[in-house]
Amino acid sequence: DAPITLDLKEVDGTKCDPIKLRDLLQKLEFRSLVRQLPEVMQVDAHHNDPTSFVHDSNAKTVVIDSNKDLTQLSNLKSMVYVFGRSAGKHGRDPRWLLLSSGDNVTYAVNLAKVDATKLAKALKHIKSLVGYDLKSVLEILIDLNVAIPKVEHDVLIGSFLINCLRREQSLSELASADIGYDGSPLEELTDEDLQTRASEIMAIIKALHLQQIEELKNMPKVAALAHEIEWPVIEVLARMEYEGIKLDTGYLEVFNVELEDQISDLEQEIFGHANKEFNISSPSQLADILFEELQLPTAGIKKGKTGYSTAAKELDKLRSQHPIIDLITSYREVTKLKSTYVDTLPKQVDDNSRLHTTFALTVAQTGRLSSNDPNLQNIPVRTELGKRIRTAFIARPQHVLVSADYSQFELRLAAYLADDKELIKMFNDGADVHTATAAQVYGRQPEDVTKHMRRDAKVINFGVLYGMSPHGLVQATGMAYDAAKNFIDKYFEIRKPILDYMNELKEKARTDGYVETLFGRRRPMPDIHSSNFMVRQGAERAAINMPIQGTEADLMKMAMVAVDKKLGEYDAKQLLQIHDSILVECPEENGETVAKLLKETMENIYQLPVKITVDTSIGKNWGEL
């Protein structure tokens, strides 16, 4: 009904410019749509587009499948492009190594057919590597006992540093989006295909590398971050993943029986309150029991197409209404821990009963490491059951585990970044920051602050870094809404530098289009201009949190690299990184020395006006730490 005259000639799709259309669709990330366009709208395959990737037809692949052929690797320069493949996880059972100096010759080394010692000798002149997902390549080299050259550039991580919001991360996706590659996917290639397409893979990595180098010239702080933090930590993580941590599977078997009994007891109690048996894990059956059978109040409970929600957040609203709510919460916690950890972890260990997680550098936009397959960063810390699961992670015989944990790291960094001199002084004087904050907000002497007051102050001290609203404070503490609003208003009166800093970050996101950490890690903020209030508010929270949490992540990686250089002489190895802490394994007699080394290195990793403190602990298992 719009008053527009439709001119069908103007909307004739055959008259479009295929190159402009393709570029627009790629920019908007409609990858599959580019391939599905009708022929008339597709770019002519023979079109010589300078932005599209063209593989050199003269490129050749030399297959090395005997020890005598290894001498040919002397033709490689000191910096090489590399791509690796192994049949097992974390470099175990290595199969192929593709190597090129960036010219038109690629060497495809069949690792099953050559002697590892001779290979190490043939590669010893190589000083640096450029590749895609170099962590997995380094693990192959570790498995072969080959000396590890320096990481010069990783195109997977380089792409993430340039824009951490992009979703595509496979080599084929990066090549398609960034250099106009339109060949068939490079993932899941057979060994035969890998040989056939070896020079193509090398040419793609080289093209991505050169393009990223150009982009990073316009982002000098990001380039420095890559060279000083991201590239060095890749080798540290490769060693950690390859080493793994020992798991006491016998202990978990016994614990599993205990949990089954506990689940059975909880089921019987829940069925007793419901006066019938039902599937507690079924949201619809549970909703039926709570709101139909037991007639619990539904005011304020979210309702979807299938009925009232039984999500944890909604059940929290009913906690005081009926004892069945606490039982359901306990049932969910126990069954989740059993299925996520107790049942599955023993199936994931290697022949030496060691568990190997994967640390990803390209998942969290703050730059934090994430752990997966299995995720060892998510085991609950404060619950007794979580502690029992951690007890199953043990040191090898005659060894101990040493944990080093940054204390109140984010809050200390927030004090520094916001230049809150009063808060910095509190930390430097060793004051209890939460008690001091509660005393200021409530207008009391520190000795008159109650446990509840301190808890409220602690919640807001940390919550404010995530843009906590009065509503959030109500949910976290149980305060009345008006009291929570007054508390936050008063908090920002005494912590004005933090409020000013938060407003500055939101303004920077609006004007520059990104926020950054102390070391220049960037997060683009396109949603800060969204017309949708919820989306815009989410972007503002991210703008406040990212520089603080991202600076923490950068410092933690710097600490891991620095620590790694010193552990060797004590026969100690880093095993895990869990947000603010590092877990190390070392011989028993070196435990105290390693704990001291960790504390000193981590506390002095970067000179800040605010005191950084690290707590250490030593034990035979993770649960003791």
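For the stretch 84-165, what percent of Cα pairs sit more than 20 Å apart?
33 percent
For residue 64, the amide hydrogen comes within under 5 Å of the amide hydrogens of 108, 109, 110, counting only partners 5 or more places away or on other chains and with H modelled in the peptide plane.
Of the chymotrypsin sites (Phe, Trp or Tyr not before Pro) found in the stretch 535-625, those that fall in a DSSP loop while having at most 15 other beta-carbon atoms within 10 Å are 606.
Here is the list for the stretch 186-220: GluC sites (Glu not before Pro) lying in DSSP coil, each with at most 11 other C-beta atoms within 10 angstrom of its C-beta, are 187, 188.
Within the stretch 344-420, what whole-number % of the accessible surface is contributed by carbon and sulfur, with the 1.4 Å probe and all protein chains included in the calculation? Let's see the in-between values first.
On the way: 1400 of 3040 Å².
C and S fraction of accessible area: 46 percent.
Over 28 Å apart at the Cα level, from the set 135/565; 317/338; 496/557; 206/565, are 496/557; 206/565. The translational diffusion coefficient of the stretch 1-159, from Stokes-Einstein at 4 °C and 1.567 mPa s with a Kirkwood hydrodynamic radius over alpha carbon pairs, comes to 68 µm²/s. With the largest listed first and rounded to whole Å, the semi-axes of the equivalent ellipsoid of the stretch 491-625 from the Cα gyration tensor are 38, 15, 14. From the coordinates of this entry, Kirkwood radius over Cα pairs in Å is computed, and it appears in (1) 25.7; (2) 27.0; (3) 28.3 under the label (3). Of the trypsin sites (Lys or Arg not before Pro) found in the stretch 246-350, those that fall in a DSSP loop while having at most 15 other beta-carbon atoms within 10 Å are 276, 302, 305, 319. Among 94-102, 558-566, 22-30, sorting by the average number of other beta carbon atoms lying within 10 angstrom of each residue, highest first, gives 94-102, 558-566, 22-30. At a probe radius of 1.4 angstrom, the accessible area of the chain per residue rounds to 49 square angstrom.
At q = 0.15, 0.16, 0.21 Å⁻¹, what log₁₀ I(q)/I(0) does a Debye calculation on the Cα points of the stretch 356-486 give, no solvent, two decimals? Scattering profile of the stretch 356-486, log10 relative to I(0): -0.99, -1.07, -1.29.
The values are calculated or read from the model by the stated rules, or taken from the named source; none is laboratory data. Remember, it's a predicted structure, so these values are computed and weren't measured experimentally. Cβ sites come from the backbone with ideal geometry, for glycine too, and all protein chains shown count toward neighbours. To get the accessible areas, we keep the full protein, side chains included, count just its heavy atoms, and leave off ligands, DNA and RNA. Shrake-Rupley method; radii C 1.70, N 1.55, O 1.52, S 1.80 Å.
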